[in-house]
1. Would you be able to say whether some residue in the stretch 84-97 is of a type in the set (Phe, Trp, Tyr), closer than 24 Å to Thr202 by Cβ and at pLDDT below 95?
2. State which residue is surrounded by the fewest Cβ atoms within 10 Å (Cβ to Cβ) when the search covers only the stretch 112-131 and only residues that are assigned to a helix (DSSP H, G or I) and touching a residue at least 40 places away in the same chain (Cβ under 8 Å).
3. Among (1) at pLDDT below 95; (2) part of a helix (DSSP H, G or I); (3) of a type outside the set (D, E, K, R), where does Leu67 come up short?
4. Pick from the stretch 219-254 the residues that are assigned to a helix (DSSP H, G or I) and either among the basic types (Lys, Arg) or within 10 Å of the ligand (Cβ to nearest atom) (or both): which of them is farthest from the chain's Cα centre (by Cα)?
5. Across the stretch 177-206, what is the total count of residues that are in a loop (DSSP other than H, G, I, E, B) and either farther than 20 Å from Ala81 by Cβ or more than 18 Å from the chain's Cα centre (by Cα) (or both)?
6. Scan the stretch 132-155 for residues that are in contact (Cβ under 8 Å) with a residue 40 or more places away in the chain and in a strand (DSSP E or B) and jot them down.
7. How about the stretch 173-211: which of its residues are farther than 11 Å from Ser237 by Cα and near the ligand (Cβ under 9 Å from one of its atoms)?
Amino acid sequence: MGVFATARDITERKIIEEQLAKSAAILEQSNRDLQQYSYITTHDLQEPLRVIAGFLQLLEHRYKGKLDRDADEFIDFAVNAAVRLQNMINDLMIYTRLESRAKPFESTDCNLVLTETLKRLQSEIEATRATVTHDVLPVVMGDRDQILTVFKNLLINSLKFHLKDVAPVIHVSAHRTKNEWLFRVTDNGIGIAPRNQNEIFTVFKRFVGREYPGTGMGLAMCKKIIDRHEGRIWVESEPEKGSTFYFTLPAVTE
Ligand code: ADP
């Protein structure tokens, strides 16, 4: 009896394992298809959109002030919408490339990455009279360019979403828990209502008006990158008080 039962268990396990392997292969293929599909779509959409935006801008330059006021306004709306769509498609393309152009993980000194990020954001920091400080950050295993994208997107937001007439004050820190590093980017900006705090990490989701430029892709990119590094990202925030974005990266074990 015992021998038969064991034989049956083994056969059942084998069947389950084969089914699992088959499902994984199908899922992998469909992921690859989806990846290629979104890449092609974003790429192919750019060409006709470039023509539309180009001719709208030509209309604007040649006829602004020569038709009536309504016409000026209509052209203005159309130009703005075309530029917005161009930016959205461009960011969507960057988003799909996060997977297709991902680099292998390497030892990455986050102090150097942050210094580089701050250099790239220098004009925005000066324009907003922001104060950006940071603690000593760790060395982690990761995709250097992608970690830079995370810092850049979080810092751009902290610089952008500041309260009227209040200069941004931003602090970046990290501390070690058992198996991971917990990073923190804190600002004194407009904050985020509790009901929107999960949704902001979704593609194209934004909860501010057009007075704040953006496509709603920055945090979706951060999430995709942190997911790839097997970390987590979330926010704690209070409207009008500021926000703290947290993300984790696995700690390098000696
Ligand atoms: P974008 O900045 O282009 O709008 P993101 O994906 O970076 O897109 O952010 C999504 C939304 O999350 C923003 O539109 C805004 O509503 C909110 N948000 C992100 N960062 C902050 C911040 N530091 N302070 C206040 N709101 C923020």
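1. The answer is yes; a qualifying residue exists.
2. Thr128
3. (2)
4. Among them, the one singled out is Arg228.
5. 13
6. Val132, Val139, Val140, Met141, Gly142
7. Selection gives Val185, Glu199, Ile200, Phe201, Thr202, Val203, Phe204, Lys205, Arg206, Phe207, Val208.
The values are calculated or read from the model by the stated rules, or taken from the named source; none is laboratory data. Quick caveat, the model's predicted, so the values are computed rather than measured. A quick note on method: Cβ atoms are made from the backbone with ideal geometry, for glycine too, and the neighbour counts reach across all protein chains shown.
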